[in-house]
Every structure is written in structure tokens, then in C-alpha cells.
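The values are calculated or read from the model by the stated rules, or taken from the named source; none is laboratory data. These numbers come from a predicted model, not from an experiment. Glycine gets a Cβ as well: all are built from the backbone with ideal geometry, and neighbour counts include every protein chain shown.
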Amino acid sequence: MLRHIGRKRNYKHNLRLAVLLCFTAGMVNAAGFFAFAVLTTNVTGHAALLAHKLATGDLRAARMVGLWLLLFLAGAFFSSFCIGKTGQNKRYAYALPIIFEIMILILVGSFGQTYDQSIIKTEYFAGSLLFAMGMQNALVSTVSGYVVRTTHLTGMFTDLGIDLYTWISGAGKNIIEVRKKIMLRLVVIFFFLGGGIVGGYVFLQLKYYTFYLPAAILVVAMFYDAFRVRFAKMVHRIKSGRVRLRKVIAGAFFSLFIIGNFN
């Protein structure tokens, strides 16, 4: 899911990536809004909010919103920096950004109980989540070849509308590829919304500990490929063992049959 890039990457890899990471982003976005009244994946909305604060002269709030925009940008830069320095073709190139995101979510879940609605703590908590989402969005965009975006839906709805017209009108040369694109975009939208619903519901029950859940999903995403390869090898060994066992049993029965006829 994460280790396949370039020509080795196919539609199924992007589909699996969209399922796990879009669900995670949706959970963080909803839980962040419930916890800190901030949409931690919505850069477009924050840009409008920054303009509003500047227009009304609320410079302190404008500074806070501007900081959030910079933190999202910094998260995307940091993720790309890690991947670039490690080497995009390396097997563990994407591990460091995911590990940092997991750490941020665990810290927010652990210390979120201290949140008192002050501006400083809102900056800390919401800003750290925006940094994490910037990292995740850059990572997923890079590994998927800029096909999947996990932290916002504006582009996805736009592309979905274009693809739906292409599919219905039959204007595209390759309708099968268009259908795959439509399915991928629907998966992104569905799982982002689903993650938001689950994140909001769970937050009402578990409060700030909700952030542990997307952290756990990221752990699964990080080790998914290794588990899948090992599981496939184990299944192959079991099947090979069964084939060899059948051959041994068949050989034994054949030998007994020959011996019996000879006697």
C-alpha cells in the first residue's frame, strides 16, 4: 500500500490507501472540531477566516489562523523533506512522517484533558493537528502519484463531477479508467465522511482519547505491507506443505498398491 510507487503502483494500492488514510483524516477533522472548535484539515476555510480577522482588525486571532496555515504548510514540507532525504524508492521512506503523526495524535489524546479554551492552548493543540494533517496529505499525495488527497474534499468533488460527465457522455476514450477514477473518488469521499461521523460519535463517548484511534489505524497502515507479505508467504508455505504431503501420501498408497499386487 505504501511501498509500491511509480510503475509498480496500481489502482488497488491507491484504493487501500484511500480507505485507511481518508478514514483517519475524517476522524481527526471531526474530533478536532469537537475538541477545539477548529477544522484541522480545512485550509481553504482558514484562509477565509484569516481574511475576515484581518478585515475586522482582530490581529491576535489573525495571527493564530495565519500560524495554522503555516503549520499545515510546514507539515507538508517536513513530510516531503523526510521522503526526499530518505529516498522515494526506499522501502521505509514513508515511515518517519507517519511515526511523527502518530506521536502528535497520542500527545493530543494524552494532554487534551488540560485544554481550557484559551488562545494559547488552542494554538498548540489545533496547530499540532494541522501540522500532522499537512504531513499526511503530502505523504499520501506523493506515494499515490498525486491521485489521492486525504485531508480535503473540494478537489475530489470537482474531479468527481468532471469524471461523471465524461462517463455519462461517453466522451472519454477509456471508459473503464474513468469508472475506476469515479470509484476511487467515491471511496475517498465516503471514508472521509465516515471517519468524520465515527470520530464525532466516539469523541462524545471517549473525549480526547478519541485521537488514539486514528493513531492505531496509522500503525496498521504503516505495517500493512509487511504483515501482508508475511501472511502471503505463510499461506504459500502451508499450501506447498500440503502439496508435498499429498504427494507423499499418494506415493505411499501407490507403493502399497504395487506391493500388494506383487504379493
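Odds and ends about this structure:
- From Arg185, Arg244, Arg179, residue being modelled with pLDDT of 60 or more, assigned to a helix (DSSP H, G or I) and within 16 Å of Ala25 (Cβ to Cβ): Arg185
- Number of positions in segment 124-161 that are surrounded by fewer than 19 Cβ atoms within 10 Å (Cβ to Cβ), among the hydroxyl-bearing types (Ser, Thr, Tyr) and more than 26 Å from Ala35 (Cα to Cα): 3
- Of the residues making up segment 163-176, not a single one is exposed (fewer than 15 other Cβ atoms within 10 Å of the Cβ) and touching a residue at least 60 places away in the same chain (Cβ under 8 Å).
- Residue in segment 209-228 that is over 23 Å from Met103 (Cβ atoms) and not basic (Lys, Arg) present: no
- Screening Asn14 on (1) in contact with a Leu (Cβ under 7 Å, 6 or more places away or on another chain); (2) at pLDDT below 90; (3) within 20 Å of Gly196 (Cβ to Cβ) shows it passes everything except condition (3).
- Verdict on Asn29 being in contact with a Ser or Thr (Cβ under 9 Å, 6 or more places away or on another chain), surrounded by 16 or more Cβ atoms within 10 Å (Cβ to Cβ), within 20 Å of Thr154 (Cβ to Cβ) and at pLDDT below 90: no
- Just one of the numbered conditions (1) modelled with pLDDT under 95; (2) surrounded by fewer than 20 Cβ atoms within 10 Å (Cβ to Cβ) is not true of Ile106: (1).
Per-residue answers, yes or no, for (1) hydroxyl-bearing (Ser, Thr, Tyr); (2) over 19 Å from Ala76 (Cβ atoms); (3) assigned to a helix (DSSP H, G or I):
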position	(1), (2), (3)
Met103	no, no, yes
Phe111	no, yes, yes
Asp116	no, yes, no
Thr122	yes, yes, yes
Ala132	no, no, yes
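Residue-wise test of (1) farther than 30 Å from Ile189 by Cβ; (2) under 22 Å from the mean Cα position of the chain (by Cα); (3) in contact (Cβ under 8 Å) with a residue 12 or more places away in the chain.
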position: Thr40; (1), (2), (3): no, yes, yes
position: Gly45; (1), (2), (3): no, yes, no
position: Thr56; (1), (2), (3): yes, no, no
position: Ser80; (1), (2), (3): no, yes, yes
position: Ala93; (1), (2), (3): no, yes, no
position: Ile104; (1), (2), (3): no, yes, yes
position: Thr114; (1), (2), (3): yes, no, no
position: Ser118; (1), (2), (3): yes, no, no
position: Ala132; (1), (2), (3): no, yes, yes
